[in-house]
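Below: one structure, written as structure tokens.
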Amino acid sequence: MAIKANLFVLALSLLIIGIFSSSASIALQTSRPTSSKWTPRFLGGHSKPLIQNRQQQPQYQYETRYFSQPLDHFSFSDLPSFPQRYLISTEHWVGAQRLGPIFFYCGNEGDIEWFAANTGFVWEIAPRFGAMVVFPEVMLAAWMRLKYPHVAVGALASSAPILQFEDIVPPETFYDIVSGAFKRESTSCFNTIKESWDVLISESLKNDGLLQLTKTFHLCRTLKRTEDLRDWLDSAYSYLAMVNYPYSSDFLMPLPGHPIREVCRKIDGCPHGTSILERIFEGVSVYYNYTGGVDCFQLDDDPHGMDGWNWQACTEMVMPMSSSRDASMYPTYDYNHSSFQEECWKEFKVKPRPRWITTEFGGHDVKTALKKFGSNIIFSNGLLDPWSGGSVLQNVSETIVALVTEEGAHHIDLRASSSEDPDWLLEQRATEIKLIKGWISDYYEEKKAIIDM
């Protein structure tokens, strides 16, 4: 297998809040798996708009605006521009004269309205701080704080895999963590999934094998390539690991609390004589059809327009991924950059730059670099999240801290509060609020001291 990637979810794991000083100028003006070719995208396909649950989601008030954005921020040439969308709320902002901060959510690679509706933490703390809230369609809070410390007072980098580049962490880390989440719930479930890939290939090679797979997995259209079905399964397992929350949620799909536990219960609980692939279908139906309202499945569904991630994966965001022989429940494979480069050239006529991120932002010996040049960054991670393996999990300095929770999943701290929130999550958010409050207070104290000199 030349290249592996799979379709992913949730924010370049850099779902984040940047904390800005109101007095700082921000350029916003009024004026929108297994065989996948690409590096994982974080909020990928096969997720459907949750119309049936929309009335249950908090309704946050904001205004949608646009400003003219050049295609290349750093070029001196007269290049085309495009109308960049951002969402803004001044409902609770006390204004610059009263030292109201700006909470600037650095975005993801998906529809910004989707994330605005699912990032309740920002909206909930805005009244406490008298803050403006801005959701632009950009990314990467920790790096923004490092690059523009004169603008961003601090950054909460939730589930941010800033070390997932250039083999800084072992390339099999992500899939080992996903696999470990399933094995933790049930060894037999783990083994069934691990065995299923060979069975899938074997079945596909039989006469009418693709047709039978179409029926087994209730696909809307007849399967043409086994790889498409593998991607679909791969995505489900990876997404489940990321949103393995302790309570029910509907960010990607309507899911029960501890969804991996439920998947394994379905796989292990099938009657004696149920085939491996039928067991697999029962399991992934927890992700794709927990409410039971789907009659058939579209393998290429991408309602949130995530295809743009493929371009990013082929240019700047080159994240080597592989699957180990023993620890992973996925087929064994090694990352092959040459093949990946060929695919990128074929698709986009671009060549990936695997060292671009580490050259631009650092990565090797990251603690030394952060300690010398950075401050006021929170790296928050839950160890159930497979992206945590590429993040900062230890304190770097007094002002660059790691908040790590054993039971946390992908950016759970940024979700809206709930009566079902466990104590460890309440404590994590309280710590984040305390640190953010300190950043803002220190900023204005230092500014006042300079004025009084």
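The values are calculated or read from the model by the stated rules, or taken from the named source; none is laboratory data. Nothing here was measured: the structure is a model prediction, and the numbers come from that model. Ideal geometry is used to build each Cβ from the backbone, glycine not excepted, and the neighbour counts take in all protein chains shown.
General observations
- Filter result for residue 371 (closer than 30 Å to residue 125 by Cα, more than 19 Å from the chain's Cα centre (by Cα) and part of a helix (DSSP H, G or I)): yes
- Scanning the stretch 50-76 for residues that are assigned to a loop (DSSP other than H, G, I, E, B) and modelled with pLDDT of 90 or more returns 60, 61, 62, 76.
- All positions within the stretch 200-258 that are assigned to a loop (DSSP other than H, G, I, E, B), closer than 21 Å to residue 174 by Cα and not aromatic (Phe, Trp, Tyr): 243, 244, 246, 252, 258
- Within this structure, residue 186 passes the test of being of a type in the set (Gly, Ala, Ser), more than 19 Å from residue 381 (Cα to Cα) and either surrounded by fewer than 20 Cβ atoms within 10 Å (Cβ to Cβ) or in contact with an Asp or Glu (Cβ under 8 Å, 6 or more places away or on another chain) (or both).
- Here residue 287 passes the criteria (1) within 23 Å of residue 225 (Cα to Cα); (2) modelled with pLDDT of 95 or more; (3) touching a Pro at 6+ places or on another chain (Cβ under 6 Å) except the one numbered (3).
- Pick from the stretch 77-111, criterion on the phi > 0 side of the Ramachandran plot and in contact with a helix residue (DSSP H, G or I) (Cβ under 8 Å, 6 or more places away or on another chain), ranking: modelled with the highest pLDDT: 99
- Candidate set from the stretch 300-324 (those that are within 23 Å of residue 181 (Cβ to Cβ) and at pLDDT 90 or above); member that is surrounded by the most Cβ atoms within 10 Å (Cβ to Cβ): 323
- Residue, nearest to residue 143 (Cα to Cα), within the stretch 377-431, restricted to residues that are crowded, with 16+ Cβ neighbours inside 10 Å and among the aromatic types (Phe, Trp, Tyr): 379
- Qualifying residue in the stretch 393-412 (condition: closer than 30 Å to residue 318 by Cβ and assigned to a helix (DSSP H, G or I)): yes
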